[in-house]
Amino acid sequence: MTSIVTDKRLLEVFPCLRDVSHEDWAKAQPEVRTFSAKSRLFQREEATVYGMLLLSGSARIIQIGKDGGERIVNKLNPGEVCALLVLSGLSGRDYPAVIEAETEVEALFVSKLSFLRWVQEYESIRKIVFGTLLEGILHMGEQFQARQTNPLAMRLAEALLSSTSEQQPLLRMTHYELASEVGTAREVVSRTLQRFQRQGWVETGRGWIRITRRSELEELFGD
């Protein structure tokens, strides 16, 4: 079958879109949007209208508590779909999170009804969605276990390493956001980063952290 999707970028990241029929693609009203780092690309209310598939960059899934507090529960990478978005859509419940761009990102937006129909009718899409769902559940379980057993310095080192690389050592993230990700208070993260800085492992500024000695952090994390 010839794919109705002609944008090669979409097919490279989501080959399963090749199976979508002409009629279903038109009904979905697909739209690719670009977002800058730190911007909210998917708000709670948008989940009543859209499904979203990440094409490039990385994003954080931030759960909103009943008290209004925010907690980073997972990250989203290209070729993935938010597990909470799928579950809330299939169960008819409100989406309990927001999605924030960690870097500049591109995302494909389609109508929610089409998105849920695709999950049910196209096996290739269903495998991608539920594979991502399984990975998300496993990752959240690992995060919970790590927060119970791993020292804070190790968890913080892991968060810094997973969001940077040798080629891109700069992380634009506040101490509050890091605290939310590793499960502690902002003040505790600030003190630990100050210790890392005294040892020459990182440099910090307002809203950014630069990894200067990656090997020491990897040794701390046990990589």
task: Using 0.36 nm per residue of separation minus the Cα-Cα distance, give me the extension gain between Glu70 and Ala26 in nm, one decimal.
output: 12.2 nm
- prompt: What list of ³J(HN,Hα) values in whole Hz, one per residue of the range 56-64 in order, does the Karplus curve 6.51 cos²θ - 1.76 cosθ + 1.60 (θ = phi - 60°) give from phi, with Gly and Pro shown as x?
  reply: 8, x, 9, 9, 10, 9, 10, 7, 9
query: Which FRET efficiency value, to the nearest 0.05, is calculated for Thr174 and Arg198 with the Förster distance at 22 angstrom and r the Cβ-Cβ distance?
result: 0.60
query: How much FRET efficiency would the formula 1/(1 + (r/R0)^6) give for Asn77 and Glu12, where r is the Cβ-Cβ distance and R0 is 22 Å, rounded to 0.05?
result: 0.95
- prompt: Calculated FRET efficiency, Glu121 and Ala37, Cβ-Cβ r, R0 25 Å, to nearest 0.05?
  reply: 0.10
- prompt: Can you give the accessible area per residue of the range 150-199, in Å², using a 1.4 Å probe?
  reply: 51
field: Listed residues Leu152, Gln167, Val81: farthest to the positive end of the dipole of the chain (Cβ charges)
entry: Leu152
- prompt: Highest mean first, what order results for 16-23, 205-212, 56-63 on Cβ atoms within 10 Å?
  reply: 56-63, 16-23, 205-212
query: With point charges of +1 on the Cβ of Lys and Arg and -1 on the Cβ of Asp and Glu, referenced to the Cα centre of the range 33-127, which listed residue (Ser39, Thr103, Ser114) lies farthest in the positive direction of the dipole?
result: Ser114
query: Stokes-Einstein D for the chain at 20 °C, 1.002 mPa s, Kirkwood Rh over Cα pairs, in µm²/s?
result: 115
query: Under unit Cβ charges (Lys, Arg +1; Asp, Glu -1), what dipole magnitude, rounded to 20 debye, does the chain have relative to its Cα centre?
result: 540
query: With the calculation restricted to Cα positions, what are the radius of gyration and Dmax of the range 24-117 in angstrom?
result: 12.6, 40
query: Within straight cross-link reach of Lys75, meaning Cα distance under 20 Å, which lysines are found once same-chain residues fewer than 8 apart are removed?
result: Lys38, Lys127
field: Total charge dipole magnitude, the range 16-91, about the Cα centre, Cβ charges on Lys, Arg, Asp, Glu only, Debye to nearest 20
entry: 360
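The values are calculated or read from the model by the stated rules, or taken from the named source; none is laboratory data. The structure displayed is predicted, hence computed values, not measured ones. Note that each Cβ is placed from the backbone with ideal geometry, even for glycine, and that neighbours are counted across all protein chains shown. We work out accessible area using only protein heavy atoms, side chains counted, and drop any ligands, DNA or RNA first. Shrake-Rupley method; radii C 1.70, N 1.55, O 1.52, S 1.80 Å.
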